[in-house]
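The structure under discussion appears below in the form of structure tokens.
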2 protein chains.
Amino acid sequence: MRDSYREQLDDILTDLGEMSQIVAAAVRSSTTALLEAEIHLAEQVIGDDEKLDARQSDIEARAFQLLARQSPVAGELRILVATLRMVSELERMGDLAAHVAKIARMRYPGIAVPETLRPNFVRMGDVAEKMVIAAGQTLVDRNVQNAQELRERDEEMDELRRTQFRVLLSDDWEYGVEAAVDVALLGRYYERIADHAASMARRIIYVVTGQFPENEFWPQP
Amino acid sequence: MRDSYREQLDDILTDLGEMSQIVAAAVRSSTTALLEAEIHLAEQVIGDDEKLDARQSDIEARAFQLLARQSPVAGELRILVATLRMVSELERMGDLAAHVAKIARMRYPGIAVPETLRPNFVRMGDVAEKMVIAAGQTLVDRNVQNAQELRERDEEMDELRRTQFRVLLSDDWEYGVEAAVDVALLGRYYERIADHAASMARRIIYVVTGQFPENEFWPQP
């Protein structure tokens, strides 16, 4: 770890960016595990979740140390407070990817998602992964432009979930209760990953501009 | 609002305690709305969720101001950092109660929970409410004794959810896919309320003792 206060703050932001890449990879792997019955990938996502927890603790401790020793004000205080929240959002996204992987593992060698909803889950996984990447990129770039992309993707996620419910609850559903329960929970997990990514991006915009975006899209802080 | 730093800090903790009482009441009301098809209660919980969001913003802003103006160290810094996390946990618990209320509203004048799982949901609602109360009490008392109670209740919540899945996925399930999906999501919402309460209590113990409890019960921070 480097010495100066500013360097330590930069290192924390770099590590948060790295953590968001790891989470994005976990989301992608868990989707592949789910749709291709790749048990090794499922085990890997579940095992790696502990490493994400350890990273969270480490980043939290360092942010807290900087708060305690440097008594930062204004912009730097905002960054540190936002860091504590973002690291916790990233840890939750990792948990949710692990939940997806656990359902994949539970149904192995079968596949939890019925064929009719496969394209829906391919999109959900893709949208969730891209939202995590965009949130991480917002952090690295401090660029509020990504907000528009996140908004559009979040709307797509909502639409994907509505489609799921229409298929699940139609009279044509022929896959039984177990598959319906799996799909409902999986849909919820992906939706929550998207929510956390949107919330994380929102915090970064707050850090950059000092204001929460005034937009009905953004969840309350 | 009072003037001195210490008084302002106390006021924040008092408000957090009040917020936890409001959330506990929302959990109780949403359970009644769900099990008794009380549409007015459902609407009330959904409407009140916005007020909880406003309380969160207010508490966050005040905690941030104290961080910025007072540069607290040690115990007081821990309290303020924990406050920012706890207020966000409480806001999430309020969201989850509103999710329960929305399912109640969607099925009105029917009842989303089939008769066979009614006792299970009565217990889930009760355990979730008591955990929120216990977490709030831990905050007010700064008493780590409540941890034992929270641990036992959290184990009961896990057991209640396992029972739900056994009933849902048994060959006897006669209530169809819609009820199964509702029950799976409702169970998830109650479980998450319990998780947040446990996590909140864990943070308070950290504030009081300076250490996270060493116990497999407690989720990572």
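For region A:5-209, the convex hull drawn through the C-alpha positions has a volume of 96 cubic angstrom per residue.
For region B:5-209, the dipole from Cβ point charges (+1 on Lys and Arg, -1 on Asp and Glu) about the Cα centre works out to 520 debye, to the nearest 20. Normalised by residue number, the volume inside the convex hull of the Cα atoms of the protein assembly as shown is 134 Å³ per residue. Nearest-to-axis residue in chain B, judged by Cβ distance to the rotation axis that brings B onto A and given in whole Å, is B:Ser71, 2. Across identical copies of the chain, A:Tyr5 has label-point separations of 1.6 nm, listed in ascending order, with the point defined 7 angstrom from Cα along Cα→Cβ.
Directionally averaged projected area (region B:121-215, Cα convex hull): 6.2 nm². Altogether, the Stokes-Einstein calculation at 25 °C and 0.890 mPa s, with the Kirkwood radius of region B:1-57 over Cα pairs as Rh, returns a diffusion coefficient of 194 µm²/s. Measuring nothing but how far apart in sequence close Cα pairs (under 8 Å, 6+ apart) lie, relative to its length, chain B scores a relative contact order of 26 percent.
Could you list B:Phe121, A:Phe165 so that the one with the fewest beta carbons within 10 Å of its beta carbon is first and the one with the most is last? Walk me through the numbers on the way to the answer.
Working: B:Phe121 23, A:Phe165 14.
Least to most surrounded, the residues fall as A:Phe165, B:Phe121.
3J(HN,Hα) couplings calculated from phi for region B:11-17 with the Karplus curve 6.51 cos²θ - 1.76 cosθ + 1.60 (θ = phi - 60°) are, in sequence order, 4, 4, 5, 4, 5, 4, x Hz; Gly and Pro show x. The GluC sites (Glu not before Pro) of region A:122-210 meeting both criteria, a DSSP state outside H, G, I, E and B (loop) and at most 15 other C-beta atoms within 10 angstrom of the site's C-beta, are A:Glu174.
With neighbour counts taken as other beta-carbon atoms within 10 Å, the residues A:Leu168, B:Leu96 rank, fewest first, as A:Leu168, B:Leu96. For B:Val140, the distances from its label point to the matching points in the remaining copies are 4.8 nm, ordered from shortest, with each point set 7 Å beyond Cα toward Cβ.
Rank B:Tyr189, B:Tyr175, B:Tyr108 by mean-square fluctuation in a GNM of chain B with C-alpha springs under 10 angstrom and give only the top-ranked residue. For chain B, modelled as a Gaussian network with Cα springs under 10 Å, the answer is B:Tyr175. Copy-to-copy label distances for B:Gly176, where each label lies 7 Å from Cα along Cα-to-Cβ, are 2.0 nm in order of increasing length.
Go ahead and run the numbers for FRET between B:Asp158 and B:Asp3, Cβ-Cβ distance against an R0 of 45 Å, rounding to 0.05. Don't skip to the answer; put the middle values down first.
Working: r = 46 Å, r/R0 = 1.03.
After rounding to 0.05, the efficiency reads 0.45.
Could you tell me which trypsin sites (Lys or Arg not before Pro) in region B:1-69 are loop residues by DSSP with no more than 10 other beta carbons within 10 angstrom of their beta carbon?
Answer by residue number: B:Arg2.
Cα centroid separation, region A:1-47 to region A:77-126: 12 Å.
A short reminder: the numbers here are calculations on the coordinates, not readings from a lab. No experiment lies behind these values; they were computed from the predicted model shown. Positions of Cβ are generated from backbone atoms using ideal geometry, with glycine treated the same way; all protein chains shown enter the neighbour counts.
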